[in-house]
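What follows draws every value from the coordinates through simple rules; no lab data is involved. Because the structure is a prediction, the values reported are computed rather than measured. Note that each Cβ is placed from the backbone with ideal geometry, even for glycine, and that neighbours are counted across all protein chains shown.
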Amino acid sequence: MDTIEELAEKIPIVIINNQNEHLNVDAVELDNSKLGRMMAKHLLDLGHTDVAFITPPLTRRQWQRSKRVEGFVREFEKEGKKDHVIIKAADESNDRKIPRMDSEYAMGYELTMELLREGRKFTAIAGQNDMMAIGAIDALHEMRLHVPKDVSVIGCDNIFYSSIRRISLTTIDHFVALKGQDACDIILRKIDTRERALTDSAPISLYNIEYTPKLISRRTTGYVRTRKNLSGKIN
């Protein structure tokens, strides 16, 4: 982290990072734990107390994924339901592969199939991101489980595909595209400021931007209706 601050003194740098990192650098921030808490609260409000969270590998290199999981579990812990949360993470080998367009979708599909084969008890699935949630939906449909009647599904990121009517995924929007635009705008301002500083007095500013995430409630989540063992659906 010291290296980043040293570089920022020489060239314009903007980082898009988790809010828990305290750096003296221009930043567009994201509180991943808050996103997890929002996902959990939505499911709890709908009566879901037995849930699964599917995620890509939880490695130190991708530590921000763990923050989202921690926030999710913490919300259930507040309700005394921590032991009712199943964390299903993909194998670390997945992060060593060259990602394909469908990598996260495939992980969501396979992890959901594993949950069903194991006969785990859950009425809702939360995906670390929307593509994993969409993979989960396809796995559930393949096993003749109705979403959200049998199992509710929530994702995170609000990507374009999530709003397609046939998918209509409940998700958390934390404005990914706007963060990229803001990061570019800050860099351009910094370049302009440095150029003007050569001829007149220009203020030196430290930018710090954070958006308030928003729940987008669509058709893949609903009130809990059943607690039956889903393994009966697997042939």
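The translational diffusion coefficient of the chain, from Stokes-Einstein at 10 °C and 1.306 mPa s with a Kirkwood hydrodynamic radius over alpha carbon pairs, comes to 83 µm²/s.
Cα centroids of the range 98-137 and the range 138-179: 11 Å apart. With a cut-off of 14 Å between beta carbons, the residues surrounding ASP102 carry a summed charge of -2, where Lys and Arg count +1 and Asp and Glu -1. On the beta carbon distance between LYS149 and ILE209, with R0 = 35 Å, the FRET formula returns roughly 0.30.
A cut-off under 11 angstrom between Cβ atoms defines the neighbours of GLU77, and their net charge, with Lys, Arg +1 and Asp, Glu -1, is +1.
Here is how the number arises for the chain: DSSP H runs of 4 or more residues each give -39500 (n - 2.57), the sum is divided by the residue count, and the result at 222 nm is -12000 deg cm²/dmol.
The string of couplings for the range 164-169 from the Karplus curve (6.51, -1.76, 1.60, θ = phi - 60°) is 4, 4, 5, 8, 6, 7 Hz, one whole number per residue in order, with x for Gly and Pro. Per-residue extension of 0.36 nm, minus the Cα-Cα distance of ILE16 and ARG225, leaves a gain of 71.3 nm for this segment.
Amide hydrogen proximity for ASN208: with H placed 1.01 Å from N in the peptide plane, the residues at 5 or more positions away or on another chain lying under 5 Å are ALA27.
The Cβ shell under 13 Å around GLU114 holds other residues with a net charge of 0, Lys and Arg each +1, Asp and Glu each -1. Contact order, relative form, for the chain: 23 percent (alpha carbon pairs under 8 Å, 6 or more residues apart, mean separation divided by residue count).
The HN-Hα couplings worked out from phi for the range 111-127 by the Karplus form 6.51 cos²θ - 1.76 cosθ + 1.60 (θ = phi - 60°) are 5, 5, 4, 4, 4, 6, 5, 6, x, 5, 8, 7, 10, 8, 10, 10, x Hz, whole numbers, x standing for Gly and Pro.
In terms of packing, defined here as the mean over residues of other Cβ atoms within 10 angstrom, the peptides 94-106, 54-66 line up highest first as 54-66, 94-106.
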